[in-house]
Amino acid sequence: MEIVILPDAAAVGDAAAARIAAVVRREPAAVLGLSTGSSPLGAYAALADRVRRGDVDLSHASAFALDEYVGLPEGSPQGYAETIRREATEPLGLDPARVHVPDGAADDLEAACLDYERRIREAGGVDLQLLGIGSNGHIGFNEPTSSFASRTRIKTLAPRTRADNARFFGGDLDAVPLHCITQGLGTILAAKRLVLVAQGEAKATAIAASVEGPLSAMVPGSALQLHPHATVLLDEAAASRLTLSDYYRFTAAHLPAWQRVD
Ligand code: GLP
């Protein structure tokens, strides 16, 4: 696992954008895995800036979101279909026809989950999956005790996740859905590259447990330890509970030229 400690949240966004741009420059029709929440917003802003400058063109790329709430009215601003359109598809110049979000309004939710897995497969799999992490260690909406082998399915949101996300619903906890569809940990691990971004003290415990703790279903983020190409981009606050931070800084300071991303 590559762990990079950066001075601030803006640098985390820049570093994630650089990695996504590098993949798309190599393969213009790359398949990107998108995430929601506040964590990836800096990455999207930095990537949108690169698109405006002509540094990278995402118009041939495809994208798959990690997850979606179940039962929100169509077009709801808190829904991830709408969030992805607003925060990613439009500013990044993605083709909306190639941007996919699980269907949390489907009559048959189990069929919608299977269909989502099929679509990812038919697109050739995800080249780079961008991830945030919940304060309880969840990735996507894979709450603690999610199986490392899980695929896209319906989950019940943990009370802590609902409380964390109530801020997107005007602070109204009752407005936060109880259920979601999420790519499984097995689905996420099948992506060719993982880039997890985390900023702020509130993520420090989940990050330390994911990166340095034992593999545990209680810490879904620890699944990253099973992936051969996982990068974790952290600001100082999110990195503050890591034991080996001196080693990560030493590694970054001595990075061979061939491993650098602009
Ligand atoms: C959300 C999303 C995750 C996200 C995480 C952290 O609920 N389902 O994909 O990474 O929880 O959210 P935030 O970045 O807003 O802290």
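Accessible area of segment 116-262 with a 1.4 Å probe: how many percent of it is carbon plus sulfur?
Roughly 58 percent, rounded to a whole number.
Please compute the modelled spin-label separation between Ala257 and Glu201, points set 7 Å along Cα→Cβ, answer in nm with one decimal.
4.2 nm
Give me the extension gain from Phe168 to Asp55: residue separation times 0.36 nm, minus the current Cα-Cα distance, reported in nm with one decimal.
Working it through step by step, the gained length comes to 37.5 nm.
Net charge within 14 Å of Glu74 by Cβ-Cβ distance, Lys/Arg positive one each and Asp/Glu negative one each, not counting Glu74 itself?
-3
Give me the Kirkwood hydrodynamic radius of segment 119-262, using the inverse of the mean 1/r over all pairs of distinct Cα atoms, in Å to one decimal.
In segment 119-262 this quantity evaluates to 16.2 Å.
Would you mind checking the radius of gyration and Dmax of the chain based on alpha-carbon positions, in Å?
17.2, 54
Taking only protein heavy atoms into account and a 1.4 Å probe, give the accessible area per residue of the chain in Å².
Value for the chain: 44 Å² per residue.
Working from the alpha-carbon coordinates of segment 1-123, get Rg over Rh, Rh being the Kirkwood radius.
Reported Rg/Rh (Cα atoms, Kirkwood Rh): 0.99.
Looking at segment 72-169, which trypsin sites (Lys or Arg not before Pro) are in a loop (DSSP not H, G, I, E or B) and have at most 12 other Cβ atoms within 10 Å?
Here no loop site has a sparse enough neighbourhood.
Just want the answer: with Cβ charges of +1 for Lys and Arg and -1 for Asp and Glu, which residue in Ala29, Ala252, Phe169 is farthest toward the dipole's positive end in segment 2-254?
So the residue we want is Ala252.
Using the Karplus curve 6.51 cos²θ - 1.76 cosθ + 1.60 with θ = phi - 60°, work out ³J(HN,Hα) for each residue of segment 154-168 in order, rounded to whole Hz, and write x for Gly and Pro.
Coupling constants for segment 154-168: 8, 10, 8, 5, 6, x, 5, 5, 5, 5, 4, 8, 4, 4, 7 Hz.
What are the principal axis extents of the Cα atoms in segment 1-64, in Å, biggest first?
Reported extents, whole Å, longest axis first: 32, 25, 23.
Report, in order of residue number, the helices in the chain meeting two criteria: a C-alpha extent of 15 Å or more along the helix axis, and a mean Kyte-Doolittle hydropathy of at least -0.5; treat each whole DSSP H run as one helix.
Numbers: long enough: 9-26 (26 Å, 0.88); 41-53 (18 Å, 0.02); 109-122 (20 Å, -0.76).
Result, helices passing both filters: 9-26, 41-53.
For segment 65-112, state which GluC sites (Glu not before Pro) are in a DSSP loop and have at most 13 other beta carbons lying within 10 Å of their beta carbon.
Sparse-neighbourhood loop GluC sites (Glu not before Pro): Glu74.
The values are calculated or read from the model by the stated rules, or taken from the named source; none is laboratory data. For clarity, every value in this text was computed on a predicted model and none was experimentally measured. Glycine also receives a Cβ, built like all others from the backbone with ideal geometry; neighbour counts cover every protein chain displayed. Side chains are part of the model used for accessible areas, which takes the heavy atoms of the whole protein and leaves out ligands, DNA and RNA. Shrake-Rupley method; radii C 1.70, N 1.55, O 1.52, S 1.80 Å.
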